[in-house]
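Trainee: My questions all concern the structure below.
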Amino acid sequence: MRVTLSVRVFSSLLLLMGAISATRADDKPPVDLKMGMLQGMFRDVQPAMVQVLSKPFRELVYKQTGFTGDVDLCPDAMNLVEKLKDKKLQLGVFHGHEFAWAQQKCPDLIPIVVTIPPGGKAQSMIVVHVDCKAKSAADLVDDPVTLPRGTKAYSLLFLDKCRAGLGKAVAKPVTKVGMTTEDLLNAVVLGEVAAALVDASTLDGYQSLQPGAFKQLKILVKSEMFPPAVVAYRKGSITEDDAAKIRKGLSTANQNASGKLLMTLWNLKGLEEPPADYQQKLDAILKAYPLPEGK
């Protein structure tokens, strides 16, 4: 998920919270349901704004399902898993690869819904100018890999894998918080930046909008397909009926105005029931990116 902090986004948040509050279907007393989210989902966002940015998701869950409760921001996936195991939380929102790790620690985690990313795929790649002589990340000896604002967690994981065993200065990541991905790709085309880390959906969009400039780019290396982010619970922490209610409510959230606004804010097409091959995708990404030692 990508969240970009700006006046436009903050205004959208206020509009969204107002829209959700105005469209609650009934006055039934809410059922408390505590949710955990990862702080890494708010990369490049000031800490003071993180709670504000997490509130619309809590409000959307309330509107769609009738459940309410606090959102707990967890430092990492293992901390979130422990809170689910200790019954301090009932729902957890994980990046796909981190959910695969979480299942290693808690096999009875069950996905409720998964995100639908733009373009339907979560994949990352290092892009260079078409005239670049490099054949792999190892060839970027004196060239940093520039990251745009809001770089996704799976992209960072992929870059770490590309740099494994290389010198500290080789393909060194450099973040440009003031640049969008489009800005960064333009900089690669103009020769102002040697290499950029981008996600597949953004590159596809760039190709559609700027086909001429796109021809000046080439993909140096690309990642595996990552499973999408997921909302999950631990078996027994909520009833199957409640899980089904949450699944139905969140998977139809993009069918109303407030839900559509939130999906736009989070750069998502929507939420859906986990596809039949979701566990296979989790198993595959776990082989490519095993649970880090010490976790």
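The values are calculated or read from the model by the stated rules, or taken from the named source; none is laboratory data. Since the structure is predicted, the reported quantities are computational estimates derived from the model, not experimental observations. A quick note on method: Cβ atoms are made from the backbone with ideal geometry, for glycine too, and the neighbour counts reach across all protein chains shown.
Trainee: Just checking, which of Ala229, Ala187 is among the hydrophobic types (A, V, I, L, M, F, W, C) and at pLDDT 95 or above?
Mentor: The unique qualifying residue is Ala187.
Trainee: Residues of segment 108-124 being of a type in the set (A, V, I, L, M) and surrounded by fewer than 20 Cβ atoms within 10 Å (Cβ to Cβ), which ones?
Mentor: Matches in segment 108-124: Ile110, Ile116.
Trainee: Another question about this same structure. Specify the residue that is nearest to the chain's Cα centre (by Cα); the eligible residues are those in segment 136-165 that are buried (at least 18 other Cβ atoms within 10 Å of the Cβ) and basic (Lys, Arg).
Mentor: Ranking the candidates gives Lys152 first.
Trainee: Quick one: which residue in Thr181, Thr175 is out of contact with any helix residue (DSSP H, G or I) (no Cβ under 9 Å at 6 or more places or on another chain) and not aromatic (Phe, Trp, Tyr)? Let's see the steps before the verdict.
Mentor: Numbers: Thr181 fails: out of contact with any helix residue (DSSP H, G or I) (no Cβ under 9 Å at 6 or more places or on another chain).
Among Thr181, Thr175, only Thr175 is out of contact with any helix residue (DSSP H, G or I) (no Cβ under 9 Å at 6 or more places or on another chain) and not aromatic (Phe, Trp, Tyr).
Trainee: In segment 143-175, how many residues are of a type outside the set (A, V, I, L, M) and either within 21 Å of Gln216 (Cα to Cα) or in a helix (DSSP H, G or I) (or both)?
Mentor: Count: 11.
Trainee: Would you tally the residues in segment 73-83 being within 17 Å of the chain's Cα centre (by Cα) and either in the same structural domain as Ala153 (by TED's automatic domain parsing) or among the charged types (D, E, K, R) (or both)?
Mentor: Residues in segment 73-83 being within 17 Å of the chain's Cα centre (by Cα) and either in the same structural domain as Ala153 (by TED's automatic domain parsing) or among the charged types (D, E, K, R) (or both): 1 in total.
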